[in-house]
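Here the structure is laid out as structure tokens; the discussion comes afterwards.
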């Protein structure tokens, strides 16, 4: 990548990683307060309603991704007129989305008694709690569209700085409120207040940096431009549905078949696993605008080189996290939430496999989106969603919570894991797909070997103290995985490429500090 793309990606990565790490800490503190002041049933209801509303968000249709892709070229060419037209379209599209989500959300109310089951400890009205969650979601769609231009222009760090400030205030006030009053309704009202405040602040920042993009006098997109956008949106809608089904329906299935209390335990595991995923994902999300710029200015050969380097980095990070999580997540959960709130070994294994598969798709997903491969393979997400629902409902009756998560894993393996990379190899790189199959097979085998060595080491030691167990095994996991990684890839062209970028960035940072 060019120097400017590398620098922008590095700045975004540092800021976003710091913010997500801080946000992870905030969520962990609040969840801990939640567990010990309100109880697991409130955690379950919170996770369930969050997932229900994520399912309703399918009406967003993938508009955000289509607009982000459409913004790359006018931003690179400094075409303010086109930016203004796109943002005007985006504003009205999201207003319609907010209205539709509100209507669909209200239609769910009569069915809440069928979805929320076995929650005798919750005293507040389930309907009122749900309406507050719905209100927060609707308000966010009315304000959040302006933030897209910051992300597309490689200024995600501006959003990150605002998020840090709001999160600090929110954590302090909400924690005090829960400890002193133990009032869930007050907590939800504060969530809405802080969410609206953050989106307004981000909107003001976007308007300040790109005033011409939000002028009321901005023109309108031509019919041809709107037709092109809707063509992408139509394809992205199916991807949106797929993500919604994969991430939002598990809680609904678990609550309906196993009770809302089980959703609380799943929500705790998901909080740890998904927040680690989101934290690591910042490394790749922060480069998405740079990849978009790369796709707009470079050929497939150059992109292929960058892809391989990023895919190696993806394996390095997610392979390490997979090893550490698989060996240690139950030890950590026992310390944090208590041994009565643990999953069995089989459930943890399937959960971590899903984490690994999702993580290894990060680079592929960014290259597919940045190159506008929306129409190609547009029916893959639909097939994936159908498989997920059918298999999850079938297996939950047979093997419980493990079956729900296994349904998600099976749906990924049969579709996304091979088909999405096939698309970018065919349409972008124009390279043999067998290269990717060999690559991902070696990555997965290396991770599996690392996990087996580390779990055998843990079983051999049998440390009784949970804290010592966590620390000793965590250190050993890091050493083993990195040893395997360096042994296999330490001299590869991709590793050398990444190492040189790291050295150059370090040099630029040192020189900048010295100038100050």
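Every number here is computed from the coordinates shown, using simple stated rules; none is lab data. From a predicted model like this one, the values you see are computed outputs, not experimental measurements. Neighbour counts run over all protein chains shown; Cβ positions are idealised from the backbone, glycine included.
Worth pointing out:
- Between residue 76 and residue 439, the simple spin-label model (points 7 angstrom out along Cα→Cβ) gives 2.1 nm.
- Span from the region 15-57 Cα centroid across to the region 63-85 one, whole angstrom: 33 Å
- Neighbour-count ranking [beta-carbon atoms within 10 angstrom, fewest first] of 496, 138, 43: 496, 138, 43
- Were the residues from residue 227 through residue 452 laid out at 0.36 nm apart, the gain over their Cα-Cα distance would be 75.8 nm.
- One chain, two ends: residue 215 and residue 503. Fully extended at 0.36 nm per residue, the span grows by 99.4 nm beyond their Cα-Cα distance.
- FRET efficiency estimate (nearest 0.05) - Cβ-Cβ, residue 305 to residue 112, R0 60 angstrom: 0.70
- When both region 448-475 and region 308-338 are represented by their alpha-carbon centers, they are found 13 Å apart.
- Residues 108, 364 in ascending order of nearby Cβ atoms (within 10 Å, fewest first): 108, 364.
- Sequence-separation-based contact order of region 3-515, relative, with Cα cut under 8 Å and 6+ spacing, percent: 21 percent
- Helical content of the chain, expressed as a calculated mean residue ellipticity at 222 nm, amounts to -28500 deg cm²/dmol (DSSP H runs of 4 or more residues, -39,500 (n - 2.57) each, divided by residue number, nearest 500).
- Overall form of region 72-147 per C-alpha gyration tensor (a/c, 1.5; a/b vs b/c): prolate
- Judged by the gyration tensor of its Cα atoms, with axes a ≥ b ≥ c, region 3-515 is rounded; a/c sits under the 1.5 cut.
- For 260, 345, 323, order by how many other beta-carbon atoms lie within 10 Å, fewest first: 345, 260, 323
- Between region 361-383 and region 182-208, the Cα center-to-center distance that results, in Å: 32 Å
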